[in-house]
Every structure is written in C-alpha cells, then in structure tokens.
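Take a look at the structure set out below.
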Amino acid sequence: MALVLGVGIALFAVLAGLNARSGRPWRRTAASVGVLAGVAALALTLGYTVAPNIPTPPVPLTARFAANPVPDDAGSVAAGRARFQASCVVCHGPEGKGDGPAAFTLQPRPVNLQVHVPQHAPGEIYYWVTNGISGTPMPAWKENLSDTERWQIVRYLQALAAGKV
C-alpha cells in the first residue's frame, strides 16, 4: 500500500514538473501531490499504529455480549489471581504490564493488560483467553483451564485494571 502511494506521489510530482516546464497550469497537479502525500502519511500512520492492535480474526459478536457467570467477589478475584500467577505471569508479568520474563523474546510483545482490559468487554477477554490470538504468541487456554478458571482470570484482570488488587 505504501509503495503504491509512493509511486503515485512521484508520478504526480513528475507531471507537475512537466506542466510547469511547458507553461501549462501546474498548481492543480501540485495540490494533488499534497493531498496524496497526506493520504499516504495517514495510511502509514494507521498501518503502523492502529492495525497491529486489531486482533485477528475478530471476536465473534456473540462473544462480546457474553456475561461473566463467576460472581464478582473477593474469592473469585483471588482464584483468578492464583490462576493468572500460575499460567500468565511468564509473559504478562506479575502486574499484567506485558513485562514477564519471556515477554522480551516474544514478537509481538504481550500487551499491558491494565490498559488493554478496560477497553474490551469481559466476553472478549474470555474469548482471547479461551482461543488465543492468532498472529501473536498468545496461546489458547481452553484445553488447560476450565471455563470457570478462565472467567476467574477475567474477574481478576478487571479488578487489576481497576486498581482494586
């Protein structure tokens, strides 16, 4: 995409130069170069900042509306914390900041869950814990953790992100 935009900008610049040399109006072509350069800059910015943060494949709509069946109490949060410490700390770190001992060897690096979790519905977090995230080192935990344990982790992550633990 960036290559195509770059070729387009170069082509418009050459055409503007040819028009200027031949005495024809060149300002419209030069304005087009500016607009195309702006579109290219926007596309590159979005491509390198926003696009890598969009999980693939997207979460099914039904997962977004899944309600957490685990009660929101201290016992559930404590159980989620214990499971998180046993399964997730190596990558996400003890505070979920994406700075675990293995984090620096992973590409892409694990996300900061204290920032990431509040941006998503509990069902989405549960879906990613259950199925993993393709294109990242995040594994699927559906074979190793029960449904209840995965929902407890979601409860713990919500409490962690809210500063309650």
Failed condition for Cys91, given (1) in contact with a helix residue (DSSP H, G or I) (Cβ under 6 Å, 6 or more places away or on another chain); (2) farther than 19 Å from Thr148 by Cα; (3) open to solvent by 60 Å² or more (accessible area, probe 1.4 Å) = (3)
Filter result (within 15 Å of Pro58 (Cα to Cα), in contact (Cβ under 8 Å) with a residue 24 or more places away in the chain and over 14 Å from the mean Cα position of the chain (by Cα)) within segment 123-143 = Gly123, Tyr126, Tyr127, Val129
key: Search result, residues across segment 18-35 that are surrounded by 14 or more Cβ atoms within 10 Å (Cβ to Cβ) and either part of a helix (DSSP H, G or I) or at pLDDT 75 or above (or both)   = Asn19, Ala20, Thr29, Ala30, Ser32, Val33
remark   = Expected single match for surrounded by fewer than 18 Cβ atoms within 10 Å (Cβ to Cβ) and part of a helix (DSSP H, G or I) among Val117, Val39 is Val39
query = Of the residues Ala78, Ala63, which single one is modelled with pLDDT of 75 or more, in a helix (DSSP H, G or I) and open to solvent by less than 40 Å² (accessible area, probe 1.4 Å)?
reply = Ala63
task = State the number of residues belonging to segment 85-114 that are in a helix (DSSP H, G or I) and farther than 20 Å from Ala63 by Cβ.
result = 11
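The values are calculated or read from the model by the stated rules, or taken from the named source; none is laboratory data. What you see is a predicted model, and the numbers here were worked out from it, not measured in a lab. Because the Cβ atoms are built from the backbone with ideal geometry, glycine has one as well, and the counts that use them run over all protein chains shown. Ligands, DNA and RNA are excluded from the accessible area calculation, which covers all protein heavy atoms including side chains. Shrake-Rupley method; radii C 1.70, N 1.55, O 1.52, S 1.80 Å.
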